[in-house]
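Here, each number is a calculation from the coordinates, and none is a lab measurement. Everything quoted here is computed from the prediction, not taken from an experiment. Don't worry about glycine lacking a Cβ; one is built from the backbone with ideal geometry, like all the others, and counts go over all protein chains shown.
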Amino acid sequence: MTKVLFVCMGNICRSPAAEGVLKKLLIDKNLSKDFYVDSAGIIDYHKGEQPDYRMVSVMENRGYYANHSARQINLKDFEIFDYILAVDDYIFKELNKYPVDTNLKKKILKLADFLKDHNESEIADPYYGNKEDFEYCLDLIEDSVQGFFIDKLRKNEQQNL
């Protein structure tokens, strides 16, 4: 089973959205049994909260479901997950500060590096923005998750056959 973890700041906007997008993609491709997908934040400020209602609204309008309670990433996650995807440069740098083995740090990737149809270097936090910011954030997440699936997950699945 391949395990994927998306990480943002508080685990209420971007990372649960990415989790929901990948889960739906895997369900649509009848691959969900082969994957475990989760999300976390680097801070515990929103621990136990549901995803931001604005992101949930945008997600539901596109057919995604966000059933997640916010949590903070922990050291065990670096051992459990095969891929740890940071949504922006700050998160990427913070994840690389965790006191884990260099081999475990190789699991940390930037989600925006998998963008195919957008020219952005990171997925900006829409938290202080408006509906259009949440829409654009989800556009980027959809694009990058699809790219991640094609570039990493599908290739790995084919290699394991």
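Observations on the structure shown:
- Count of region 82-110 residues which are within 19 Å of Ile123 (Cβ to Cβ) and buried (at least 16 other Cβ atoms within 10 Å of the Cβ): 14
- Number of the exception - Glu49 against (1) part of a helix (DSSP H, G or I); (2) over 13 Å from the mean Cα position of the chain (by Cα); (3) acidic (Asp, Glu); (4) over 22 Å from Met1 (Cα atoms): (1)
- When residues in region 27-46 are screened for being part of a helix (DSSP H, G or I) and either surrounded by 15 or more Cβ atoms within 10 Å (Cβ to Cβ) or out of contact with any Ser or Thr (no Cβ under 8 Å at 6 or more places or on another chain) (or both), 4 of them pass.
- Identity of the residue in region 11-26, buried (at least 24 other Cβ atoms within 10 Å of the Cβ) and either touching a strand residue (DSSP E or B) at 6+ places or on another chain (Cβ under 7 Å) or among the acidic types (Asp, Glu) (or both), that ends up farthest from Leu138 (Cα to Cα): Asn11
- Of the residues making up region 51-71, those that are aliphatic (A, V, I, L, M) and over 14 Å from Cys13 (Cβ atoms) number 0.
- Scope region 1-58; condition basic (Lys, Arg) and touching a Pro at 6+ places or on another chain (Cβ under 8 Å); matching residues: Arg14, Arg54
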